[in-house]
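Have a look at the structure below before the remarks.
The values are calculated or read from the model by the stated rules, or taken from the named source; none is laboratory data. Keep in mind that what you see is a predicted model, and the values were worked out from it rather than measured. Glycine also receives a Cβ, built like all others from the backbone with ideal geometry; neighbour counts cover every protein chain displayed. What goes into the accessible areas is simple: the full protein's heavy atoms, side chains included, and nothing from ligands, DNA or RNA. Shrake-Rupley method; radii C 1.70, N 1.55, O 1.52, S 1.80 Å.
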Amino acid sequence: MNYIVLDLEWNQSNTGKEQEVKEIPFEIIDIGAVKLDKQRKVTDVYNQLVKPTVYEQMHLITGNLIHLHMKDLENGKPFTEAMELFLSWCGENFIFCTWGPLDLYELQRNMHYYQMEPLSDKPIRFLDVQKLFSIAYEDKKSRRSLEYAIDHLKIEKDVPFHRAYSDAHYTAEILSLIDESVLENYSIDTYILPKTRQDEVHVMFHDYMKYISREFPDKQKAMEDKEVTSTKCYLCRRNIRKKIRWFTPNGKHYYSISLCPVHGYMKSKIRIRKSGNDKVYVVKTSKFISKEECKKILQKKEKTMDSDLT
């Protein structure tokens with residue numbers, strides 16, 4: 001299997017000058033990628049400017065950041081041609097790797113706008129190198145800039161940042177240094193969501209479980225679904241009793257605590273997210289925690305209840 005380390009730059013509408021096109025708020029104008037073999041050694045690179053067709057003026061902040069102007073893109077390839085060449089270059093057996101979760105989502109949104117065949121008919125597994133860096137070198141929660149990570153690892157800064165190829169190059173350098181065991185913590189892109197209950201995603205990682213639902217018309221329907229609100233021990237697969245029932249401090253995130261007689265206290269968290277067609281889907285994570293962490297969740301619930309009474 002190869003690793004395709006991808007980075008994109010995109011343009012957007014200028015407020016007051018161009019109306020945003022809802023179907024493509026970010027138009028890709030620069031594609032950069034580095035191909036690594038299974039030993040994570042560089043075998044090839046891809047770099048292509050894309051001629052824009054949606055936004056005809058460069059956003060001021062974007063232009064200053066990536067040092068690109070519209071005249072630089074005049075000789076770029078049309079998006080569909082650039083993508084066909086890129087996907088052919090990727091080959092057959094590979095996994096996408098990006099710095100953060102946005103690039104793969106925006107790539108698919110641009111492909112959909114140009115009526116290209118989708119990359120997949122279901123959620124795509126990929127490596128978020130920004131997250132992997134945090135797992136490997138920091139607290140697993142922080143999300144650092146690419147340049148911060150390069151400085152932290154003392155990697156030579158031999159090309160400027162904020163162009164697609166250069167950022168893909170640096171991301172590949174970081175990926176090559178991360179311990180093999182950390183790569184098990186892959187991410188799941190949700191541009192394409194599960195279509196049916198049978199297609200829903202259930203994945204067990206080293207120390208937590210993740211579930212990604214199909215779409216629901218609204219939050220209420222999602223929270224009425226038994227699979228969404230169920231609390232099963234992901235180690236012994238038994239239904240377990242909730243010690244703290246589902247509650248929400250903000251209307252978007254829901255928490256519960258359940259007790260498995262074998263494995264202890266399990267915290268579950270539901271995130272309600274909007275899909276691309278004004279519906280919602282659910283991302284639920286479950287993880288075993290200590291009694292001290294249980295007390296913090298209980299305090300959060302009590303604070304929420306106090307707030308509701310005032």
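Across segment 148-160, which residue is modelled with the highest pLDDT among those that are outside any helix (DSSP H, G or I) and open to solvent by 60 Å² or more (accessible area, probe 1.4 Å)? By that ranking, first place goes to Lys154. Going by the conditions given, is Ser181 part of a helix (DSSP H, G or I), in contact (Cβ under 8 Å) with a residue 60 or more places away in the chain and farther than 14 Å from Val283 by Cα? In short, no.
Among the residues making up segment 187-237, those that are of a type in the set (Gly, Ala, Ser) and either in contact with a helix residue (DSSP H, G or I) (Cβ under 6 Å, 6 or more places away or on another chain) or under 23 Å from Phe96 (Cα atoms) (or both) are Ser187, Ser213, Ala222. Scan segment 223-266 for residues that are among the basic types (Lys, Arg) and within 25 Å of Gln198 (Cβ to Cβ) and the total you get is 4.
Under the condition of being open to solvent by less than 50 Å² (accessible area, probe 1.4 Å) and either without any contact (Cβ under 8 Å) to a residue 40 or more places away in the chain or over 17 Å from Tyr165 (Cα atoms) (or both), the residues counted in segment 9-26 number 6. Among the strands (runs of 3 or more DSSP E) confined to segment 1-97, there are none with at least 1 residues that are among the basic types (Lys, Arg) and over 18 Å from His169 (Cα atoms).
Residue count for segment 104-122, restricted to those that are among the charged types (D, E, K, R) and not in a loop (DSSP other than H, G, I, E, B): 2. Where the second residue is in a loop (DSSP other than H, G, I, E, B) and the first is closer than 21 Å to Gly264 by Cα and lies in segment 190-212, which pairs have Cβ atoms under 7 Å and are six or more apart or on separate chains? Close Cβ pairs (under 7 Å, with a partner that is in a loop (DSSP other than H, G, I, E, B)) amount to Met204/Tyr234; Phe205/Asn185; Met209/Tyr234; Tyr211/Glu200. Here Thr62 meets the list (1) of a type in the set (Val, Ile, Thr); (2) surrounded by 13 or more Cβ atoms within 10 Å (Cβ to Cβ); (3) modelled with pLDDT of 95 or more; (4) farther than 25 Å from Pro118 by Cα almost entirely, failing just condition (3). One residue stands out among those in segment 110-147 that are of a type in the set (Phe, Trp, Tyr) and under 30 Å from Val54 (Cβ atoms): the one that is least open to solvent (accessible area, probe 1.4 Å), which is Phe126. No other residue among Val34, Val5, Val42 is open to solvent by 70 Å² or more (accessible area, probe 1.4 Å), on the phi < 0 side of the Ramachandran plot and touching a residue at least 60 places away in the same chain (Cβ under 8 Å) apart from Val42. For segment 80-89, the condition of being surrounded by fewer than 14 Cβ atoms within 10 Å (Cβ to Cβ), modelled with pLDDT of 95 or more and in contact with an Asp or Glu (Cβ under 9 Å, 6 or more places away or on another chain) holds for none of the residues.
Per-residue answers, yes or no, for (1) farther than 24 Å from Gly276 by Cβ; (2) touching a His at 6+ places or on another chain (Cβ under 9 Å):
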| position | (1), (2) |
| --- | --- |
| Ser13 | no, yes |
| Lys22 | no, no |
| Glu27 | no, no |
| Asp37 | yes, no |
| Thr43 | yes, no |
| Tyr46 | yes, no |
| Leu68 | yes, no |
| Glu84 | no, no |
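Identify all residues within segment 217-254 that are in a strand (DSSP E or B) and not β-branched (Val, Ile, Thr); write none if there are none. Result: Lys232, Asn239, Arg241, Lys242, Lys243, Arg245, Trp246, Phe247, His253, Tyr254. Among the residues that make up segment 276-286, is at least one of them of a type in the set (Val, Ile, Thr) and free of Cβ contacts under 8 Å to residues at least 60 places away in the same chain? No, the conditions are met nowhere in segment 276-286.
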